[in-house]
Amino acid sequence: AHHLMNTPGMLKDGRLSPGISCAVLVSTNPDAAAFAEALRKLKVRATDESVAKVTLDNPVTIGLLSIIQHAIHPDNMKAKAIAEMSPQSRGIVESFAKGEEPYKAWSNVITHVASTFSASGARALIDSLISKTNLSEFETPKVNAEQFIAHRLRQLRSIASDYDETGERNLTGFVDFASKVSLSDATSPDSVQVITIHSSKGLEY
């Protein structure tokens with residue numbers, strides 16, 4: 001990452017400059033995932049070929065699902081604690097205090113989750129929760145870390161839409177469905193590709 005950032009003309013705002021391609025070759029898929037995550041933390045756009053459970057590899061979507069899990073089972077203190085650990089999901093909960101005592105926020109959250117899901121489905125519920133964060137403008141993120149979260153939020157919205165299309169209307173079923181979806185991130189021409197040596201055979205690298 002530092003080599004890329006210190007090489008004139010290689011990167012612009014964390015992305016590869018037009019006309020430049022770059023790959024990091026590693027031995028295994030777990031290495032690819034680890035290297036790509038390390039690059040993203042240093043604000044270099046990176047993609048890897050590994051398949052990931054996209055709702056469980058970042059604190060934002062984990063927090064959103066934890067809010068829903070606690071709404072399903074208010075005695076699930078683990079889900080409540082996880083939701084309150086992520087700044088974004090904690091902010092969602094706090095937004096439901098509505099000028100009342102903070103302890104009433106969760107009661108309002110539970111009512112909102114149940115009523116929104118019952119009336120309009122999973123996609124509407126996810127959109128309503130995202131709208132209560134500072135990530136509501138996630139279509140135009142400003143920095144690389146936000147780009148990754150924006151990508152995951154778009155995927156979560158698509159997953160919610162896919163669940164709605166099944167015709168099911170079960171909150172527990174939706175959380176299970178969303179938690180099990182595994183996807184591989186598509187390669188972008190302006191990102192550093194982290195791939196295994198085996199996969200690189202025949203490519204320009």
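The table for this structure:
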item: In range of the label at L183: residues from segment 59-87 whose backbone nitrogen is under 12 Å from the point 7 Å along Cα→Cβ; result: none
item: Surface accessible to a 1.4 Å probe, M10 within the full protein complex, Å²; result: 40 Å²
item: Computed lengthening from D190 to T172, 0.36 nm per intervening residue step minus Cα-Cα distance; result: 2.7 nm
item: Too-long pairs where the Cα-Cα distance tops 20 Å, listed order kept, from K43/K80; K98/K132; K41/K201; K80/K132; K78/K98; K43/K180; result: K43/K80; K41/K201; K78/K98; K43/K180
item: Calculated FRET value between M85 and M10, using beta carbons and R₀ = 30 Å, to 0.05; result: 0.25
item: Linear extension gain, S118 paired with K104, 0.36 nm per residue minus alpha-carbon span; result: 2.9 nm
item: 13 Å beta-carbon shell around D164, net charge (K/R +1, D/E -1); result: -1
item: Percentage relative contact order, segment 1-132, counting C-alpha pairs under 8 Å, at least six apart; result: 14 percent
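The values are calculated or read from the model by the stated rules, or taken from the named source; none is laboratory data. Since we're looking at a predicted model, the values are computed, not measured. No Cβ is skipped: glycine too gets one built from the backbone with ideal geometry, and neighbour counts run over all protein chains shown. Each accessible area value is taken on the protein alone, full model and side chains, heavy atoms only, with ligands, DNA and RNA left out. Shrake-Rupley method; radii C 1.70, N 1.55, O 1.52, S 1.80 Å.
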